[in-house]
1. Where does each of 39-50, 14-25 land if you order them by average Cβ count within 10 Å, highest first?
2. Evaluate the distance, in nm, between pseudo-label points positioned 7 Å from the Cα of R61 and of I19 along their respective Cα→Cβ axes.
Amino acid sequence: MTHVVELERCPYDSSPISIRRGGDASVISCDACGAAWEMHGSSLRRLRAPDADTLKAVRERLFPPEILSSKRTAATETAGNAAR
Ligand SMILES: [Zn+2]
């Protein structure tokens with residue numbers, strides 16, 4: 001048995017994800033936001049980014065409106081860039 005890191009839920013919207021195994025790679029996809037990953041052994045590579053609505057919803061959940069609407073307190077966060 002090899003130890004592999006597997007996603008159980010979508011990191012973006014926490015929806016259950018489906019795993020399609022084939023050959024030496026598995027394709028993981030989220031039906032909720034459309035994001036998809038390809039798993040080779042223990043390495044994970046993103047095939048498809050989640051849709052814009054999901055990213056926006058996640059961001060709004062992480063950063064409440066009162067923070068987002070206040071330019072003074074909003075740090076120049078790079079989470080948005082990192083998520084792309
Ligand atoms: Zn998702």
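1. Result, highest mean first: 39-50, 14-25.
2. Simple spin-label model gives 2.2 nm for this pair.
Quick note: the coordinates plus some simple rules give every number you see, no bench work behind them. Computed from a predicted structure; not experimentally measured. Don't worry about glycine lacking a Cβ; one is built from the backbone with ideal geometry, like all the others, and counts go over all protein chains shown.
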